[in-house]
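Participant: Take this structure, written in structure tokens, and hold onto it; I'll ask about it next.
The values are calculated or read from the model by the stated rules, or taken from the named source; none is laboratory data. It should be emphasised that the depicted structure is a prediction, and the values quoted were computed from it without experimental measurement. No Cβ is skipped: glycine too gets one built from the backbone with ideal geometry, and neighbour counts run over all protein chains shown. Ligands, DNA and RNA are excluded from the accessible area calculation, which covers all protein heavy atoms including side chains. Shrake-Rupley method; radii C 1.70, N 1.55, O 1.52, S 1.80 Å.
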Amino acid sequence: MSRLATLPRRLALLRPLRGTTCTARSYSTASEQRLDNRVKIVEVGPRDGLQNEKNIVPLATKIELIERLAKTGLQTIEAGSFVAPKWVPQMANSSEILSHILTTPPPSPHPLTYSFLAPNMKGLSNAFSILDANPSSFSTESNPSPSKPSLEMAVFASATETFSQKNLNASIAASLEAFRAVISAAKETPYNLRVRGYISVVLGCPFEGYDVSPHRVAEIATELLEMGVDEIALGDTTGMGTAPRTKDLLNCLRSAGIRNEDVAMHFHDTYGQALVNTAVALEHGIRTFDASVSGLGGCPYSPGATGNVATEDVVYFMESLGMDTGVDLDGVAEVGEWISKELGRGNGSTVGRAVLGRRKRKQE
């Protein structure tokens, strides 16, 4: 049962914090996350990073990318998506990827969690068919095992009605109602899976502009948490976010009683503001950040949006501030250079290029 299931359903309006105009709802009085120097990087390259590639990426390349990333010290890797292939052709072989992870877990320095999107019951059922064929090959929340990979399912909502219709062909309310069954089924025995809830375009919508209501984002996050999701990933899908609006959004969520440990940030670097916004979130107390190796990514339903913030850049930035990511920067830089060449594109990480350039100079 969700940790929120026993909380009162009645939600009260809170006075907004200084500097924000939001009066979002509250369901929790939980204390803030203890501030420390440990940061979790969620690697989204194999899914969010590849989904927008024009040429189909071979299954073997996707699996090798995951295996290479697994060796770098990352804790969570977003590996695929159980969506209809006609909408996102790059994700057509996610079943094969999940099967490979379960039957031949990639070597890693510590246990890994692999995340897969499952936006509806059909997608979740496809994932369950793989799990049913390998019932003892994964760790669950009720029966954890450090020697087996953990799995996470993810649903994705939108902060604006127009983007919701473009991305999910449904209203925000209808999409949330559909997620309820997915979340419940994923967390039931025998699967007992962790569930992540994405909210897209939280800091700007390609169709409705910059003025995305932080109050509405807080309401959607509240509903997802009440349904039982374990973490809310706030997506600046367009890269339109700025430092002041990132601060206002996080203040709004705080005033709604949403804890820092239940929030992750997912920044795109379209306007070069991803690390600035990351610094704001870090100062606010957020300790989980999505990133994509070599800055791979983009969104098929967000015209003009470029890649995610590069994992190499985030790792270097965090460690320059004295934060501990647990990620091997040199190792990730090597993976970024390799996948860039495989895709026939330039390396999108400035830090990755610098790390490899420095190494080359030392070898000369």
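Participant: Over the chain, what percent of the accessible surface lies on carbon and sulfur atoms, probe 1.4 Å?
Facilitator: 51
Participant: What length, rounded to one decimal in nm, is gained on full extension from Ser145 through to Ala174, with 0.36 nm per residue of separation minus their alpha-carbon distance?
Facilitator: In short, 6.8 nm is gained.
Participant: Using a Förster distance of 30 Å, how high is the FRET efficiency between Ser136 and Lys40, based on the Cβ-Cβ distance and rounded to 0.05?
Facilitator: Efficiency, rounded to the nearest 0.05: 0.65.
Participant: I've got another one for you. Quick one: grab Rg to one decimal and Dmax as a whole number for the chain, Cα atoms only, in Å.
Facilitator: Values for the chain (Cα only, Rg and Dmax): 19.3, 67 Å.
Participant: Please state the Cα pair-distance histogram of the stretch 67-114 with 10 angstrom bins from zero: what percent is in each bin?
Facilitator: 26, 48, 23, 3
Participant: Using the heavy atoms of the protein chains and a 1.4 angstrom probe, tell me the accessible area per residue for the stretch 262-364 in square angstrom.
Facilitator: Heavy-atom accessible area per residue stands at 40 Å².
Participant: Once you have a ≥ b ≥ c as the square roots of the Cα gyration tensor eigenvalues for the stretch 139-224, tell me rounded if a/c is under 1.5, and otherwise prolate or oblate according to whether a/b is larger than b/c.
Facilitator: Note, shape of the stretch 139-224 comes out prolate.
Participant: For Glu283 and Glu64, calculate 0.36 nm times their separation in residues minus their Cα-Cα distance, and state this gained length in nm to one decimal.
Facilitator: 75.3 nm
Participant: For Val263, enumerate residues with amide H under 5 Å from its amide H, sequence gap 5+ or separate chain, H modeled in the peptide plane.
Facilitator: Amide H to amide H, under 5 Å and 5 or more residues apart or across chains, Val263 pairs with Ile232.
Participant: Please provide three numbers in whole Å: the alpha-carbon extents of the stretch 213-364 along the principal axes, with the largest listed first.
Facilitator: Here the spans come out as 56, 36, 29 Å, largest first.
Participant: Residues in the stretch 232-250 near a label at Tyr210, defined as backbone nitrogen under 19 Å from the 7 Å Cα→Cβ point?
Facilitator: Answer for this model: 235-250.
Participant: Once fully extended, how much extra length lies between Lys341 and Ser129, figured as 0.36 nm per residue of separation less the alpha-carbon to alpha-carbon distance?
Facilitator: 72.9 nm
Participant: For the residue pair Thr103 and Trp87, what label-to-label distance in nm results when each label sits 7 Å from Cα along the Cα-to-beta-carbon direction?
Facilitator: Result for the modelled spin labels: 2.8 nm.
Participant: Spelling out what I want: for every residue of the stretch 50-64, take phi, set θ = phi - 60°, compute 6.51 cos²θ - 1.76 cosθ + 1.60 (Karplus), and round to whole Hz; glycine and proline get x.
Facilitator: 9, 5, 9, 5, 6, 8, 4, 8, x, 4, 4, 5, 4, 5, 5
Participant: Rounded to the nearest 0.05, what FRET efficiency do Arg361 and Ile56 give with R0 = 22 Å and r taken as the Cβ-Cβ distance? Could you check?
Facilitator: 0.05
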